[in-house]
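Structure first, then comments.
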């Protein structure tokens, strides 16, 4: 019985030794290593090494194929791309020693950087592990995002997302804003015909310059513009006519005051624009002597009329 057990033990040891043997083979292509061509026999080694490159292969019993389990990455000294094709024994992958190491892969014709930014740009670092990511420049310079002709940042909740459509690469503005949002042309509130002393007034839809209290001094007739709301009339040499601006949505609730202090006996006529009239239906108001007249526009729907007092 002891002899039989000893014989069985020796047989199992020999089999285990034969199974663990490393065998060598020579690949046909040094840079694109071919797998061993022979299928291992029942007692043959399941581990083989390519002799020129020392690459290790293991036989997979499930897929019935040789699997390469080690190729490695070569280190290239300096912050430069690898030079020249990899030689026998070198990997198709190489990493240099930049402050932020760059990984290169050999395509069969050239080395291609797998972690570099586009030509002329800086390297980018993504952190966070899960969305959202932080986009940083490794050199501290600005980060430029570009793709085709349009890049649109669309706010979603408290986040900004990159949209693949729309935008045209510009900022759309209306008359209330000026500038295009670039460094040389920042967005700001547009002048909108505002002059000194005017302040912003809410119209119910947007902010516009208020009338403030600018005035003008005249001694002849004129058509009043919306830039003033107080007209001081000095001594005139003949009858004069002052035309009011159109009473419309723009001038609604705007107030014009005519103050006459001149020493003359000529008339001062106030004439609404076009076919518009005063609220009482009169087309004109004529004034003599030293007196003030207040005119206020009321625009409702499509109709504008002037209210007048102190007349």
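Of all residues in the stretch 223-234, those satisfying the criterion of being part of a strand (DSSP E or B) and surrounded by 14 or more Cβ atoms within 10 Å (Cβ to Cβ) are 230, 231, 232, 233. Among the residues of the stretch 192-210, not a single one is modelled with pLDDT of 90 or more and either closer than 21 Å to residue 304 by Cα or surrounded by fewer than 16 Cβ atoms within 10 Å (Cβ to Cβ) (or both). For the stretch 84-105, filtering for residues that are in contact (Cβ under 8 Å) with a residue 24 or more places away in the chain and loosely packed, with under 12 Cβ neighbours inside 10 Å leaves 3. Just need a number here: residues in the stretch 235-279 that are part of a loop (DSSP other than H, G, I, E, B) and touching a residue at least 12 places away in the same chain (Cβ under 8 Å). Total satisfying the criteria: 29. The set of residues in the stretch 283-311 being over 18 Å from residue 231 (Cα atoms) and surrounded by 14 or more Cβ atoms within 10 Å (Cβ to Cβ) consists of 298, 299, 304, 305.
The values are calculated or read from the model by the stated rules, or taken from the named source; none is laboratory data. Because the structure is predicted, anything quoted here is derived from the model rather than measured. Cβ atoms come from the backbone with ideal geometry, glycine included; neighbour counts cover every protein chain shown.
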